[in-house]
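The values are calculated or read from the model by the stated rules, or taken from the named source; none is laboratory data. Note that the structure is predicted; figures quoted are calculated from it, not measured. FYI the Cβ positions are ideal-geometry reconstructions off the backbone, even for glycines, and counts take in every protein chain you see. Side chains included, ligands, DNA and RNA excluded: accessible areas come from the protein's heavy atoms. Shrake-Rupley method; radii C 1.70, N 1.55, O 1.52, S 1.80 Å.
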Amino acid sequence: MSETTETIFSKIIRREIPVDIVYEDDLALAFKDIHPQAPVHILVIPKKPIPTLADAESQDHAVLGHLLLTAKRVAKEAGLENGYRVVINTGDDGGQTVYHLHLHILGGRQLSWPPG
Ligand code: AMP
């Protein structure tokens, strides 16, 4: 299990680093990825600093569900009527680089499968 540590996303939540925020509520924040991999690339993060999906516990079920519903909401608001992909990179083999749980919402072009 990863330890809960300060990440760049904690600074973003505290507004210490500017980002292009597209949605916010008590539990979640959504903002544009700084290195977009598709025409639409938004990150949805919990305000609670859960490091990875593997660190989530049963008590986090409400926030996890809320993150998915937030992903649906911001995808709709971004105009992704033709579909999109939601990705949670988890741990080193999953390609995770920021250890604060986040959902990638990717869309606006045809996405290939399988990912690299
Ligand atoms: P992952 O590799 O799944 O951990 O994804 C981390 C994502 O955070 C990457 O897509 C980065 O481009 C993105 N990212 C890192 N720093 C920032 C930042 N300051 N503002 C917006 N997105 C960021």
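Could you count how many residues in region 3-25 are in a loop (DSSP other than H, G, I, E, B) and surrounded by 16 or more Cβ atoms within 10 Å (Cβ to Cβ)?
Adding up the residues that qualify gives 2.
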**Complete:** Inside region 61-93, the number of residues satisfying the requirement of being surrounded by fewer than 13 Cβ atoms within 10 Å (Cβ to Cβ) and not in a helix (DSSP H, G or I) is 6
**Item:** Residue list for region 26-55, filter: in a loop (DSSP other than H, G, I, E, B), open to solvent by 30 Å² or more (accessible area, probe 1.4 Å) and either among the small types (Gly, Ala, Ser) or touching a helix residue (DSSP H, G or I) at 6+ places or on another chain (Cβ under 7 Å) (or both)
**Value:** Leu27, Lys47, Lys48, Pro49
**Asked** Quick one: is Val63 out of contact with any Asp or Glu (no Cβ under 9 Å at 6 or more places or on another chain), away from the ligand (no atom under 14 Å from the Cβ) and β-branched (Val, Ile, Thr)?
**Response** yes
**Item:** Odd one out for Trp113, checked against (1) within 10 Å of the ligand (Cβ to nearest atom); (2) hydrophobic (A, V, I, L, M, F, W, C); (3) open to solvent by 50 Å² or more (accessible area, probe 1.4 Å)
**Value:** (1)
**Message:** For a quick check of your reading of the model, give me the residue pairs whose first member lies in region 10-26 and is under 17 Å from Lys48 (Cα atoms), whose second is open to solvent by 40 Å² or more (accessible area, probe 1.4 Å) and not in a loop (DSSP other than H, G, I, E, B), with beta-carbon atoms closer than 7 Å and at least 6 apart or on different chains.
**Reply:** Tyr23/Arg73
**Odd one out for Gln96 among (1) in contact (Cβ under 8 Å) with a residue 12 or more places away in the chain; (2) assigned to a helix (DSSP H, G or I)** = (2)
**Enumeration of residues in region 68-113 that are under 14 Å from Val40 (Cβ atoms), more than 14 Å from the chain's Cα centre (by Cα) and not hydrophobic (A, V, I, L, M, F, W, C)** = Lys76, Glu77, Gly79, Glu81, Asn82, Gly83, Gly108, Arg109, Gln110
**Message:** Condition first: more than 13 Å from the ligand (Cβ to nearest atom) and of a type in the set (Phe, Trp, Tyr). Now tell me which residues in region 21-45 satisfy that.
**Reply:** Tyr23
